[in-house]
């Protein structure tokens, strides 16, 4: 699972296996915490990360939603996703 972005200790990853399960989502890692978040509406689908890191991840998803959906489409075809600019 490649890393597509890193910022403030948060690592964002996306599987690139054909037919990855819907809804479109990312995997968010922060220290020992892990979460799966929807790209379309930033809903926490699984896991848990601290509130501050959750807010940062949500802001990043909202800024980069189009890029994330483009990466999701690549992943659905078994292609490696592009990296996306981190929050600064």
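Which pairs have Cβ atoms under 6 Å, sit 6 or more apart or on different chains, and link a residue in the stretch 53-81 that is closer than 21 Å to residue 17 by Cα to one that is assigned to a helix (DSSP H, G or I)?
The qualifying pairs are 81/71; 81/74; 81/75.
Give the residue that is surrounded by the fewest Cβ atoms within 10 Å (Cβ to Cβ), with candidates limited to residues of the stretch 35-61 that are in a helix (DSSP H, G or I) and over 11 Å from the mean Cα position of the chain (by Cα).
Within the stretch 35-61, the first condition is being in a helix (DSSP H, G or I), and the residues that meet it are 51-61.
This time we only want the ones that are over 11 Å from the mean Cα position of the chain (by Cα), so: 51-56, 59.
Details: 51: 8, 52: 11, 53: 19, 54: 19, 55: 11, 56: 20, 59: 12.
Looking at residues that are in a helix (DSSP H, G or I) and over 11 Å from the mean Cα position of the chain (by Cα), I get 51.
Among what's in the stretch 19-34 and is assigned to a loop (DSSP other than H, G, I, E, B) and either touching a residue at least 24 places away in the same chain (Cβ under 8 Å) or surrounded by 15 or more Cβ atoms within 10 Å (Cβ to Cβ) (or both), pick the residue that is nearest to the chain's Cα centre (by Cα). Give the derivation first.
The first filter runs over the stretch 19-34 and keeps only residues assigned to a loop (DSSP other than H, G, I, E, B), leaving 19-24, 31-32.
Among the residues that remain, those that are also either touching a residue at least 24 places away in the same chain (Cβ under 8 Å) or surrounded by 15 or more Cβ atoms within 10 Å (Cβ to Cβ) (or both) are: 19-20, 24.
Values: 19: 17, 20: 14, 24: 9 Å.
Per the stated criteria, the residue is 24.
Might you check whether a residue that is more than 19 Å from residue 74 (Cβ to Cβ), in a loop (DSSP other than H, G, I, E, B) and touching a residue at least 40 places away in the same chain (Cβ under 8 Å) occurs anywhere in the stretch 3-16?
yes
Anything in the stretch 1-30 that is in contact with a helix residue (DSSP H, G or I) (Cβ under 9 Å, 6 or more places away or on another chain) and more than 14 Å from residue 71 (Cα to Cα)? List them, or say none. Break it down into steps so the answer makes sense when it comes.
Step one: list which residues in the stretch 1-30 are in contact with a helix residue (DSSP H, G or I) (Cβ under 9 Å, 6 or more places away or on another chain), which gives 4-5, 7-10, 12, 14-20, 24-26, 28, 30.
Matches in the stretch 1-30: 7, 8, 9, 10, 28, 30.
Exactly one condition in (1) at pLDDT 95 or above; (2) closer than 17 Å to residue 1 by Cα; (3) exposed (fewer than 15 other Cβ atoms within 10 Å of the Cβ) is false for residue 68; which is it?
The single condition residue 68 does not satisfy is (3).
The values are calculated or read from the model by the stated rules, or taken from the named source; none is laboratory data. Note that this is a predicted model, so its numbers are computed, not measured. Using ideal geometry, Cβ is built from the backbone for each residue, glycine included, and neighbour counts are taken over all protein chains shown.
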